[in-house]
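Novice: Below: one structure in structure tokens.
Read-outs throughout are calculated quantities, based only on the coordinates presented, and are distinct from any laboratory measurement. These figures come from a predicted structure and were not determined experimentally. Positions of Cβ are generated from backbone atoms using ideal geometry, with glycine treated the same way; all protein chains shown enter the neighbour counts.
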Amino acid sequence: MLLRGGRVIDPSSGLDDECDVLIEDGRIAEIGRDLDGQEAFDCTGFLVVPGLIDLHVHGYQYATPLGIDVDHYCLGRGVTTAVDAGSAGASTLLGLRKYVIEKCSTRLLAFLNIAQHGLASAGCVQAGRGGELDSLNQVSTDACIDGISSNRDIVVGVKIRLAEDVADGGRNEVEAYRRAILAARNCGVPIMTHHAFSSIPVTGQSSEVLSCPGSLARGDIYTHCFHGFSSCIVDPHTGHIDSGVWEAKQRGVLFDIGHGMGSFNWTVAEICAKSGFWPDTVSTDLHTDSQAGPAYDLPTVMSKMLCVGMPLNEILRSVTSTPAFAIGWQDRIGSLKVGREADVTVLSLESCHLYIEDCQAQQRLLKQKFVPKAVWRAGRRGFLTEPEVLPNQDRVPELAKSWTNAVVRDAIAPITVTEDK
Ligand SMILES: [Zn+2]
């Protein structure tokens, strides 16, 4: 298969040129001008990039309330590798492997939840379903270490949600966090933290006090970095990014979007954009409550970052080489190097005029959007799908309710909230 005449961008090598990409036997065979191939796909006017990587999804469908159909929402939208963010814990990981990872066409990897049952009965934070850290009996460093050690081919790190209402009203947060850090350090893998409505501070008074991202080290991942609730990276009193967050970024902590249903706030994104604080990785946190908006899919979240001014090449880096590096897979994915497995995504960047919501129903005008045009996973063409409705106005009244809880937000409330009867 010859991908002919596109603008080929590979942030891992700095390549940005109009040329052809030849795929043979499932691998990238050659990149250059005027190549020959039996079958060609015309990429004129399109971007040809390494297969997109979504660092934060929930793909344990049917076994967890949040699990989505990975091939429909990931490969179908140009994502060749997705990383499940803690849907499974040590006790439930083998089900994720057998029933999802081995069955789907998307390459699916996983952060292992420090809770042994993962998100088997958990929903979004503040959804009242109970949480995975409600009992510390289920939070075992040893089980987590065993789970990682025996599944290195699929597990790339440890996941924890730091939020009072998934941790027995906050009583278990510190101890669970301590155990999760211990497991990650022991295995030499990163920890990914969700940190919102948490009793854990952003920065600690001393190194003995656990904080987030204060206690994170180089290579660890702070997801949901653009949420606007308490525990936000922007200090609501000053309106500036917390100094401890800047320090964390300087020491190499990675900041990840993890859009989801609650964690992308236009106001926070714009404050960060103005300060030149770009996320290291752009990801969706796709799950059953974000797939039909407000996250939709990775190209849509990338379009939102374009809207706040993130440069095109940085956006592409944040969904290819940086997430590959974050999970230690930089020698296998996230690049178009000759000889690599042919994971390739073709995107068009199209003009549009769409008012699109954040997680609090605040709206911004999208003038350009990424649209997947074709995708190859290990040289095999994948089927593309499309959002049914975009933007999905039906979600807006429900999302608008969370505007009240945001500590960083627009001065004016979003459009009218529909009252419950
Ligand atoms: Zn998540």
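Novice: If you plug each phi of the range 106-119 into the Karplus form 6.51 cos²θ - 1.76 cosθ + 1.60 with θ = phi - 60°, what whole-Hz ³J(HN,Hα) values come out, in order, with x for Gly and Pro?
Specialist: Couplings: 5, 6, 10, 10, 8, 8, 8, 5, 5, 7, 4, 8, x, 9 Hz.
Novice: While we're here: Using C-alpha positions alone, give me the convex hull volume of the range 51-337 per residue in cubic angstrom.
Specialist: Output value, Cα hull per residue: 115 Å³.
Novice: With a cut-off of 8 Å between alpha carbons and a minimum separation of six or more residues, what is the relative contact order of the chain in percent?
Specialist: Once normalised by length, the contact order is 18 percent.
Novice: When all alpha-carbon pairs of the range 57-167 are counted, what percent fall beyond 21 Å?
Specialist: The proportion of pairs with Cα distances above 21 Å equals 31 percent.
Novice: If you average over every viewing direction, what projected area does the convex hull of the Cα atoms of the range 255-330 give, in nm²?
Specialist: 4.8 nm²
Novice: In addition: At q = 0.14, 0.27, 0.32 Å⁻¹, work out log10 I(q)/I(0) for the range 70-109 with the Debye formula, treating every Cα as an identical point scatterer and leaving solvent out; two decimals please.
Specialist: The calculated log intensity ratios at q = 0.14, 0.27, 0.32 Å⁻¹ are -0.28, -0.90, -1.09.
Novice: With both partners inside the range 51-337, how many of the DSSP beta bridges are antiparallel, as a percent to the nearest 5?
Specialist: 10 percent
Novice: Ranking request for peptides 265-278, 159-172: highest mean number of other beta-carbon atoms within 10 Å first, then the rest in descending order.
Specialist: Going from most to least packed, we get 159-172, 265-278.
Novice: Another question, if that's okay. Show the residues, 5+ positions off or on another chain, whose built amide H is closer than 5 Å to the amide H of Val8.
Specialist: Excluding prolines and chain starts, which carry no amide H, the hits are Asp17, Glu18, Cys19, Val48.
Novice: Separate question: What order, most packed first, do the peptides 83-90, 150-157 have when packing is the mean number of other Cβ atoms within 10 Å of each residue?
Specialist: Peptide ranking by packing, descending: 83-90, 150-157.
Novice: For the range 221-371, just the Cα set please: Rg and Dmax, both in angstrom.
Specialist: Taking only Cα atoms of the range 221-371, I get Rg and Dmax of 15.4, 52 Å.
Novice: Still on this structure, please answer the following. At a Förster radius of 45 Å, what calculated FRET efficiency corresponds to the Cβ-Cβ distance of Ala411 and Glu30, to the nearest 0.05?
Specialist: The value I calculate is 0.25.
Novice: Which listed residue (Val308, Ala269, Leu55) has the Cα farthest towards the positive end of the charge dipole for the chain, taking +1 on Lys and Arg C-beta and -1 on Asp and Glu C-beta about the Cα centre?
Specialist: Checking the options against the dipole of the chain, the answer is Leu55.
Novice: Go through 122-131, 183-192 and give me the packing order, highest mean Cβ count within 10 Å leading.
Specialist: 183-192, 122-131
Novice: Under 17 Å from a label point 7 Å along Cα→Cβ of Ala217: give me every residue in the range 163-196 with its amide N that close.
Specialist: Counting only backbone N, you get 177-193.
Novice: Could you size up the charge dipole of the chain around its Cα centre, putting +1 on the beta carbon of Lys and Arg and -1 on that of Asp and Glu, and report it in debye to the nearest 20?
Specialist: In total the dipole reaches around 300 debye.
Novice: Still on this model: Return the sequence-ordered ³J(HN,Hα) values of the range 153-163 in whole Hz as given by the Karplus equation 6.51 cos²θ - 1.76 cosθ + 1.60 applied to θ = phi - 60°, using x for Gly and Pro.
Specialist: Per residue, the Karplus-derived 3J(HN,Hα) values read 5, 10, 8, 10, x, 10, 10, 9, 9, 9, 7 Hz.
Novice: Return one number: the angle in degrees, 0 to 90 and rounded to the nearest 10, between the long axis of the Cα atoms of helix 173-187 and the longest principal axis of the Cα atoms of the chain.
Specialist: Roughly 40 degrees between the two axes.
Novice: Using the alpha-carbon centroid of each, what span in Å lies between the range 3-46 and the range 137-195?
Specialist: One Cα centre to the other: 41 Å.
Novice: So who's got an amide H within less than 5 Å of the one on Asp84, skipping anything under 5 residues away but keeping other chains? H placed 1.01 Å off N, in plane.
Specialist: Amide H neighbours of Asp84, under 5 Å, 5+ apart: Val57, Leu109, Ala110, Phe111.
Novice: HN-Hα J couplings of the range 126-133 from phi, Karplus 6.51/-1.76/1.60, θ = phi - 60°, integer Hz, Gly and Pro as x?
Specialist: Residue by residue, the range 126-133 yields 6, 8, x, 9, x, x, 6, 10 Hz.
Novice: What dipole magnitude, in Debye to the nearest 20, does the range 285-353 give about its Cα centre under +1 on Lys/Arg Cβ and -1 on Asp/Glu Cβ?
Specialist: Here the range 285-353 has a charge dipole of around 240 debye.
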